Every structure is written in C-alpha cells, then in structure tokens.
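J.: Take a look at the following structure, please.
The values are calculated or read from the model by the stated rules, or taken from the named source; none is laboratory data. Just so it is clear, the model here is predicted, and its values are computed rather than measured. Methodologically, a virtual Cβ is constructed for each residue, glycine included, from the backbone with ideal geometry; neighbour enumeration extends over all protein chains shown. Ligands, DNA and RNA are excluded from the accessible area calculation, which covers all protein heavy atoms including side chains. Shrake-Rupley method; radii C 1.70, N 1.55, O 1.52, S 1.80 Å.
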Amino acid sequence: MFVDYYELLEISPNANSETIERVFRYFAMRYHPDNQDTGDESRFSEILEAHNVLKDPAKRASYDIQYKDHLNLRTELAGEAGNNTTIERDVAIQEKLLSLLYVKRRQDVNNPGIGDTEIERLSGCPREHLEFHLWYLKAKGWIGRIENGTFAITVEGIDRANAEHRRDTTTRLLDHAG
C-alpha cells in the first residue's frame, strides 16, 4: 500500500532538504517513544521511514515516480466519483445481472445457476469489471454461488428485481399521465 510521505510529514513535494530535516526533527521529538507526553512508537517509525526516503536523492527520485502515479490514480478516482454516468452505468449492469439470473431461475428452478464465462458473455461486461458488481450483489444477499459453483439469484434478489420492476412501471405510468 502506498504511503504519502509528503502528507505524513505535512510538507510540499517541492520541499528542499533543509525543510525536510527541520520538519523531521520537529516530528521526531514529538513522537519519539521516550517522550512521555506525546510519544507514539508507530508514528515515530513512519516519520523515520519517510525521512530516510526523502533525504536520500536517489530514493526520493524513485519515490517521486510512485508518488506521481499515486496522484494520477487519485485524480482519476476523483474524476470518476464526480461522474454520475459511472454510477448510473453500474446500476444498469447490476440490474442486468439480476435480470439474467432472475430469468434463469424462473426458466429452470432446479438448475438456476449461470457460470462466470456465461455471465461475462451475456452481460457484455468483461470479467475484471464484473468482479465489483458480483461482489456487491453477493454482499447484499441478492445472488450467491450454488453447489456447482455457478451464480444464482436468491429470494432476496428476486424481491429486489420485482421491486425495481414495480418502481420502473410506476414511473412510466406517471410519465404518461401528464
């Protein structure tokens, strides 16, 4: 897991070596385990590790590459979080998965499962994207793996699919009433 040493030391990524030393000494005195008032051994170890990396020009250069990658991931995450179409698309995929499993259960109640490859093919969603949706639906109790290892909708999942269908029908009726 990536640790942001700049944030940990509360300094800018552009900080010079004197600033790094000054801030390190301040935090080292504050969190040193011998300090009876504010000592914190784990925090002191983190501060020491950050200092050891950032004070060495070669280690810092290597770290800065990872830091920039981390910043890019955070920027992408923030951008995606602010994009409502991402969430709407996710909801649509989850509803499609529930619908597929609902129909499969209805067609063959004794053999209700759909395998991973078939779910990927039927949903049109690649496996790496499906993992999140399958995890979510399983965590909610709406789907589960059955004895043969395939996915099947649960009673709670059927109730969820029916509730979504009723809400969708009500919305359409209200839309046409005006």
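J.: Any residue in segment 41-54 that is part of a helix (DSSP H, G or I) sitting within a Cβ distance under 8 Å of a residue that is of a type in the set (Gly, Ala, Ser) and open to solvent by 30 Å² or more (accessible area, probe 1.4 Å)? List the pairs, counting only those 6 or more apart or interchain.
T.: Note: no pairs meet the criteria.
J.: Something else now. Among the residues of segment 116-142 satisfying the criterion of being hydroxyl-bearing (Ser, Thr, Tyr) and open to solvent by 60 Å² or more (accessible area, probe 1.4 Å), which is farthest from Ala92 (Cα to Cα)?
T.: Taking the candidates together, the pick is Thr117.
J.: Leu97 - would you say it is under 16 Å from Gly149 (Cα atoms), crowded, with 16+ Cβ neighbours inside 10 Å and within 25 Å of the chain's Cα centre (by Cα)?
T.: no
J.: So how many residues does segment 29-52 have that are surrounded by fewer than 16 Cβ atoms within 10 Å (Cβ to Cβ) and within 14 Å of Tyr5 (Cα to Cα)?
T.: 4
J.: Return the residues of segment 63-92 that are open to solvent by 60 Å² or more (accessible area, probe 1.4 Å) and under 30 Å from Tyr31 (Cβ atoms); say none if nothing qualifies.
T.: The answer is Ile65, Gln66, Lys68, Asp69, Leu73, Arg74, Leu77.
J.: Let me confirm something: among Glu120, Glu80, Glu131, which residue is under 23 Å from Glu156 (Cβ atoms), free of Cβ contacts under 8 Å to residues at least 24 places away in the same chain and among the charged types (D, E, K, R)?
T.: Result: Glu131 is the single residue among Glu120, Glu80, Glu131 that is under 23 Å from Glu156 (Cβ atoms), free of Cβ contacts under 8 Å to residues at least 24 places away in the same chain and among the charged types (D, E, K, R).
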